[in-house]
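Derivation of every value follows stated rules applied to the coordinates shown; laboratory data play no part. A quick note: this is a predicted structure, and the numbers were derived from the prediction, not measured. So basically every Cβ, Gly included, is an ideal-geometry build from the backbone, and we count neighbours across all protein chains shown.
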Amino acid sequence: MAATNLPTNAQAQGGIGVTVPHTEHDEHHHDEHHEQHWLFKYVFSQDHKVIAKQFLITGIFWAILGGTLSSLFRLQLGWPESTFEWLSPFLGRWIEAGKLNPEFYLALVTMHGTIMVFFVLTAGLSGTFSNFLIPLQVGARDMASGFMNMLSYWFFFLSSIIMFTSLFLETGPASAGWTIYPPLSALPQAIPGSGMGMTMWLVSMALFIVSQLLGGVNYITTVINLRTRGMSMGKLPLTIWAFFLTAILGLLSFPVLFSAALLLIFDRSFGTSFFLSDIYIAGQALNHQGGSPILFQHLFWFLGHPEVYIVIMPAMGMVSEILATNARKPIFGYRAMIGSLLGISLLSFVVWAHHMFVTGMNPFLGSVFMFLTLIIAVPSAVKTFNWLATLWRGNIRFTTAMLFSIGFVSLFISGGLTGIILGNAALDIQMHNTYFVVAHFHLVMGSSAFFGLFAGVYHWFPKMFGRMMDEKLGYIHFWLTFLGVYLVFLPMHYVGIAGFPRRYYAWTGFDAFSQFADMNKFISIAAILAFFGQFIFIFNFFYSIFRGRRATENPWNSTTLEWTTPIVPGHGNWPGAIPAVYRWPYDYSKPGAAEDFIPQNVPYSQTQSSNLPYERDTAE
Amino acid sequence: MIALGILLVLVLLLVVFGLLFRLQILTSIFSGSFTRDIGMSNRVNAILMLVFLIVGGAAFAWSFVDSYDKMNPPIASVHGYEMERLFWTTMIVIGIVFVLTQILLFWYSYKYQHQEGRRAFFFPHNNKIEIIWTVIPAIVMAALVFAGWKEWTKITGPAPKDAVVVEVMGKQFNWLVRYPGRDMKLGVVNYRLIDATNEFGFDLTDKNALDDFTAGEVHVPKGHPVLLKIRSRDVLHAVYMPHFRVQMYAVPGMPTKFWFTPTKTTDEMRAQLGKPDFNYELACNQICGRGHFAMKLNIVVDEPDDYVAWFAQQKSFSEQNPDVLAGFKQKTNKLVENEAAAPAAAAVVTPAANASL
């Protein structure tokens, strides 16, 4: 792909804009496209749009599974005294005498976390939209390396297969929590899930990291090298800035997780002692000495914290884009938005130990990380205020994508603010590992990132499949989910302030955690209903692929380049030359303009009536 | 049979929903609203935004007030009160921001809903506003960091010299408790010496360990600083005592600590809560396996006199387990004998070995 890509880009330097000179090279390009075997067109495709859909559909599969797991453990938490005999046809021997096996409960929370964080919100969200939007919005025929991009998906696929298979092991999948802290994750004597289940978890994650790196290198290279003529970094849509910085974060932090996984594999299989020391377990003193479980946590969170920004930044980018489009207003403070993304990206590397205030780490280190952590609230606050200012005096169309974007902002505020409490080392002493933390991150990175994902799917569905998703079903889906999320996670804060520890199979043994049994039941009911609400989306998604209303080229009257392609862009994206870019992506409702949007590829020479004093064509 | 029935009902329901959905699409095609860009639904959604703000906000306020008493575990330590103050101060700060931003978000969504013929206000940026709302959060954050930092350094600072020392050791799936005995010094423990009787791994060749005693629950005196030493002998655990606002990991191979001053005896707390069987509890708060949710240890806060009396009654581990002590003696004797049997080495080693005993 790279080979055909560069010449066409170069050729775009010549004839630009509306006229479409069909050169020989283009003909050649298209012939190639038609001859493709279906296997290479739909399965082992190197087309970024097909790969994006592969990521999306795999992500949807994982999301259903992750949601199902959460419904199972919410049943246990809501009704700790009940028997679940009726589940034994599905769960088999994990139901023991009508009770959910406590080790299986831990496996459920572990796999729910792993699946949601990595497989859905990293691969499914960033994988889908970075792939789909980067070439389309920067004006490239495809990714820098289509082949590597294809590999990225198939490594993810392989990793998925391994993780999925591990669910059916006799000893159960990994059960040491999604953070897999050793020694629990290192010793099968400690929990059966740390046997084969953990081995498969580590292998799967190693492949997953390979997939992330292959994808990340590609995203970065494409953004840097394959922008169309006139598309300077200062004219990139905020989506691209977000994907670009996300990829950089991933590229710099995932290898550290890989090293942690590798050392853990050594400890598990080859008798080394990186993370293990002074352990007496199952009637035996182990020979490991001198290792530190805390070292693992440093390595894990060195990825783990940037990871939450890897999850949320693509959502931020898409929400910025969708809010501006549907408020028919430029995003407020475009440069501040880029600046805050940069600030978040930088700071995200130096806050990791706020997950470790009470691990026994030196208190001075705790002070430093508290300081750095609370600073990160500043760029996040700037983003929020800018989103609000974007809505102010807009002319808002409530498309489903817009609803989810507004929902995103609301959830991001609600979840983000409690981070100010958790980032405070003194307060974290009480709140650490309680349901306050669970509520916090489910709002700010779980639910908001999901809302970003939904917003993205509803918004770009017409470009993906050439059809529209049903709006009415979308509205129902949004309101159910929005309400559901708040009903689940707001009361969860109360449970957390009361000090309820997370990853507890039941709290009934403690006097301190004896209140809130009704609240937990309520949360469970809300969670399970909200989960079932998602099937409305699934139905809408698959139904609309085949039977949805046909889309037009630019159904949302948007300004970015992807909407200048045909309704369903083929391999290569633009049938003719790639359009050049003359202006920033947010010329909405510009005074003096004929319409309330001016696409990026319209030269200033054609919009004399709306040009601002300093606006002249520089891309000639 | 019932399962089959439920399945059938579900399938029928899905079919009904499917038909309704088709019907709705067909009617919207005939009425023309199918292809209309912005219809009634825009207005409905805008109103729902406002409804969500008002009804949701009211429900949140009500549920918060309703649960307020339940969500505040009673406080029983000196730093707990200060932490509580810092927590609710921060909550008020973020609460104000929460209320303001959510109101603006939903109000703007309602107010600036699409209107035919209106154009949005082209307002790409304003440096002054942006500087203001960057600087204000920065100042607020700085204040919160400072308050938190002061509290944090106070809590994590060195324990007073006269603090009562208690050691807890986490294991799958319960807690072991050890006191230093009359000499106020904890003896050496070694994980390789652990067995069914010597669960702590006491090294009884260390004379500091001889008067150390274990206990089934933690006793601490009211109004006196307590230094909790924390160990784990297998996987990670965490000591979590919600009433004392204490939390610290138990890490195998790396002893940790936390000090606090209890302010209310168990009896006082029972009277205050009106719960005669109330106990202070220590819970494990780091996932550690099957029994994680049941790793409970009771803490008893005594009046200082009662504590001293309780302490005096305890029998040391070595006294309670004479055969373990004898085992250690035998081992050391054998060591000495072996050294005596090797005369060449004995001359150098024996005095040193004896000295270390």
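Which one, A:Thr560, A:Gly570, A:Gly98, projects farthest toward the positive side of the charge dipole computed for chain A from Cβ point charges (K/R +1, D/E -1)?
Selected residue: A:Thr560.
Mind scanning B:Lys275/B:Lys296; A:Lys463/B:Lys128; B:Lys257/B:Lys296 and naming the pairs with a C-alpha gap bigger than 27 Å? Present the calculation step by step, with values, prior to reporting the outcome.
Working: B:Lys275/B:Lys296 19 Å; A:Lys463/B:Lys128 38 Å; B:Lys257/B:Lys296 19 Å.
Pairs exceeding 27 Å: A:Lys463/B:Lys128.
With a Förster radius of 51 Å, plug the Cβ-Cβ distance of B:Phe64 and A:Glu595 into 1/(1 + (r/R0)^6) and report the FRET value to the nearest 0.05. Write out the running numbers ahead of the final one.
Values: r = 47 Å, r/R0 = 0.92.
The calculated FRET efficiency here is 0.65.
For the protein assembly as shown, report the translational diffusion coefficient in µm²/s to the nearest whole number, using Stokes-Einstein at 20 °C, 1.002 mPa s, and a Kirkwood Rh over Cα pairs.
The Stokes-Einstein estimate is 70 µm²/s.
Residue by residue through region A:325-332, what is 3J(HN,Hα) from phi via Karplus (6.51 cos²θ - 1.76 cosθ + 1.60, θ = phi - 60°)? Round to whole Hz and write x for glycine and proline.
Values per residue, Gly and Pro as x: 4, 8, 7, 6, 9, x, 4, 6 Hz.
Run lengths n ≥ 4 of DSSP H only: what is the helix-derived mean residue ellipticity at 222 nm for the protein assembly as shown, with -39500 (n - 2.57) per run over all residues, to the nearest 500? Provide the component values of the computation, followed by the final result.
Working: 29 runs with 532 residues, N = 977.
Theoretical 222 nm ellipticity from helices: -18500 deg cm²/dmol.
On a C-alpha basis, how far is the centre of region A:442-520 from the centre of region A:116-180 in Å? Whole number, if you could?
Using only Cα atoms, the two centres lie 22 Å from each other.
Need the C-alpha centroid separation for region A:350-412 versus region B:226-279, integer Å.
Computed from Cα coordinates, the inter-centre distance equals 33 Å.
Counting other Cβ atoms within 10 Å of each Cβ, which trypsin sites (Lys or Arg not before Pro) in region B:130-214 have at most 15 and sit in a DSSP loop? Could the numbers behind the result be given before it?
On the way: sites: B:Lys150, B:Lys154, B:Lys161, B:Lys171, B:Arg178, B:Arg182, B:Lys185, B:Arg192, B:Lys207; in loops: B:Lys161, B:Arg182, B:Lys185.
Hits after loop and neighbour filter: B:Lys161, B:Arg182, B:Lys185.
Pull up all non-local amide H partners of A:Arg467: gap of 5 or more, or a different chain, and H-to-H distance under 5 Å with H placed in the peptide plane.
So A:Arg467 has HN proximity to A:Ala551.
Shape verdict for region A:542-583, please, from the Cα gyration tensor: rounded (a/c under 1.5), prolate (a/b greater than b/c) or oblate.
Details: a/c = 3.52, a/b = 1.70, b/c = 2.07.
In terms of gyration-tensor shape, oblate.
Report the antiparallel proportion of the DSSP beta bridges in the protein assembly as shown as a percent, rounded to a multiple of 5.
Here the antiparallel bridges make up roughly 70 percent for the protein assembly as shown.
Taking the Cα centre of chain A as origin, work out the dipole magnitude from +1 charges on Lys and Arg Cβ and -1 charges on Asp and Glu Cβ, in debye rounded to 20.
Working: 29 positive and 30 negative charges, 182 e Å.
Its charge dipole is roughly 880 debye.
Run the reach check for B:Lys222 against aspartates and glutamates, Cα to Cα strictly under 17 Å, same-chain hits fewer than 8 apart removed. What comes back?
By straight Cα distance, B:Lys222 reaches B:Asp162, B:Asp267, B:Glu268, B:Glu281, B:Asp302, B:Glu303, B:Asp305, B:Asp306.
Listing B:Leu104, B:Leu19, B:Leu335 from the residue with the fewest other Cβ atoms within 10 Å to the one with the most, what is the order? Spell out each step's value before the answer.
Values: B:Leu104 18, B:Leu19 10, B:Leu335 15.
Going from sparsest to densest Cβ surroundings: B:Leu19, B:Leu335, B:Leu104.
Rounded to the nearest 0.05, what FRET efficiency do A:Asp617 and B:Ile29 have when you use their Cβ-Cβ distance and R0 = 41 Å? Let's see the in-between values first.
On the way: r = 44 Å, r/R0 = 1.07.
In this case the efficiency is close to 0.40.
Over all residues in B:164-174, what is the mean tally of Cβ atoms on other chains that come within 10 Å of each residue's Cβ? Could the numbers behind the result be given before it?
Values: counts 0, 0, 0, 0, 0, 0, 0, 2, 6, 0, 0.
So the per-residue partner count for this stretch is 1.
Using a 10 Å cut-off around each Cβ of peptide B:228-240, what is the average number of partner chain Cβ atoms that fall inside? Intermediate values should be presented prior to the final figure.
Values: counts 0, 0, 1, 1, 5, 5, 11, 16, 13, 1, 6, 1, 9.
So the per-residue partner count for this stretch is 5.
Return the sequence-ordered ³J(HN,Hα) values of region B:271-287 in whole Hz as given by the Karplus equation 6.51 cos²θ - 1.76 cosθ + 1.60 applied to θ = phi - 60°, using x for Gly and Pro.
5, 4, 8, x, 10, x, 9, 5, 9, 5, 10, 10, 10, 7, 10, 9, 3
Within 10 Å, count the other beta carbons around each residue, average over each peptide in B:293-303, B:227-237, and list them highest first.
Going from most to least packed, we get B:227-237, B:293-303.
Just name one of A:Ala176, A:Gly234, A:Ser277: the one whose Cα is farthest towards the positive end of the charge dipole of chain A (beta-carbon charges, Lys/Arg +1, Asp/Glu -1).
The listed residue farthest towards the positive side: A:Gly234.
For a quick check: with amide H placed at 1.01 Å from N, whose amide H comes under 5 Å from B:Val165's, ignoring anything fewer than 5 positions away on the same chain?
Counting only residues 5 or more places away or on other chains, the set is B:Leu227.
Note down the relative contact order for region B:164-320 as a percent, whole number, built from C-alpha pairs under 8 angstrom at least six residues apart. Present the calculation step by step, with values, prior to reporting the outcome.
Numbers: 358 pairs, mean separation 40.9, N = 157.
For region B:164-320, the relative contact order is 26 percent.
Computed FRET efficiency, Cβ-Cβ of B:Arg192 and B:Asn338, R0 25 Å: what is it to the nearest 0.05?
Efficiency for this residue pair is about 0.80.
Averaged over peptide B:249-259, how many Cβ atoms belonging to another chain are found within 10 Å of each residue's Cβ? All intermediate terms of the calculation are to be shown ahead of the outcome.
Details: counts 12, 1, 9, 14, 14, 9, 2, 5, 1, 3, 0.
Mean shielding by partner chains, rounded to a whole number: 6.
With a ≥ b ≥ c the root eigenvalues of the C-alpha gyration tensor of region B:164-320, is it rounded (a/c under 1.5), prolate (a/b larger than b/c) or oblate? Don't jump to the answer; show the numbers that get you there.
Numbers: a/c = 1.91, a/b = 1.20, b/c = 1.59.
Oblate is the answer for region B:164-320, as a/c is 1.5 or above yet b/c matches or exceeds a/b.
Starting from the amide H of B:Met254, placed 1.01 Å from N in the peptide plane, find each other amide H under 5 Å away whose residue is 5 or more places distant or on another chain.
Long-range HN contacts for B:Met254: B:Ser232.
Taking neighbour Cβ counts within 10 Å as the exposure measure, how do A:Leu257, A:Leu473 sort from fewest upward? Before the final figure, lay out the partial values.
Details: A:Leu257 23, A:Leu473 20.
Final ranking by Cβ density, sparse to dense: A:Leu473, A:Leu257.
Across chain A, where is the longest run that never hits chymotrypsin sites (Phe, Trp or Tyr not before Pro) in a DSSP loop with at most 10 other C-beta atoms within 10 Å?
Values: sites that count: A:Phe168, A:Phe270, A:Tyr614.
Looking at chain A, A:271-613 is the longest stretch - no exposed chymotrypsin sites (Phe, Trp or Tyr not before Pro) with at most 10 other Cβ atoms within 10 Å.
Counting only C-alpha contacts under 8 Å and six or more residues apart, can you give the relative contact order of chain B as a whole percent?
Working: 448 pairs, mean separation 52.6, N = 357.
Once divided by the residue count of chain B, the mean separation gives 15 percent.
On a straight-distance basis, which aspartates and glutamates could pair with A:Lys329 in a cross-link, Cα separation under 15 angstrom, same-chain partners fewer than 8 positions away excluded?
Excluding near neighbours in sequence, the set is A:Glu321, A:Asp587, A:Glu595, A:Asp596.
Read phi for every residue in region A:199-212 and hand back ³J(HN,Hα) as whole Hz from Karplus 6.51 cos²θ - 1.76 cosθ + 1.60, θ = phi - 60°, with x for Gly and Pro.
4, 5, 4, 5, 5, 4, 5, 4, 5, 4, 5, 4, 4, 4
Among B:Met295, B:Pro221, B:Asn208, whose Cα projects farthest towards the positive end of the dipole of region B:164-320, with charges put on the beta-carbon of Lys, Arg (+1) and Asp, Glu (-1)?
My answer, from the dipole projection, is B:Met295.
Testing the spin-label approximation: label points 7 Å from Cα along Cα→Cβ at B:Asn174 and A:Thr552. State their distance in nm.
Inter-label distance under the simple model: 7.5 nm.
Among the listed pairs B:Lys70/B:Lys111; A:Lys383/B:Lys111; B:Lys229/B:Lys329, give every one whose C-alpha distance is greater than 32 Å. Walk me through the numbers on the way to the answer.
Working: B:Lys70/B:Lys111 38 Å; A:Lys383/B:Lys111 21 Å; B:Lys229/B:Lys329 28 Å.
The pairs that break the limit, which is 32 Å between Cα atoms, are B:Lys70/B:Lys111.
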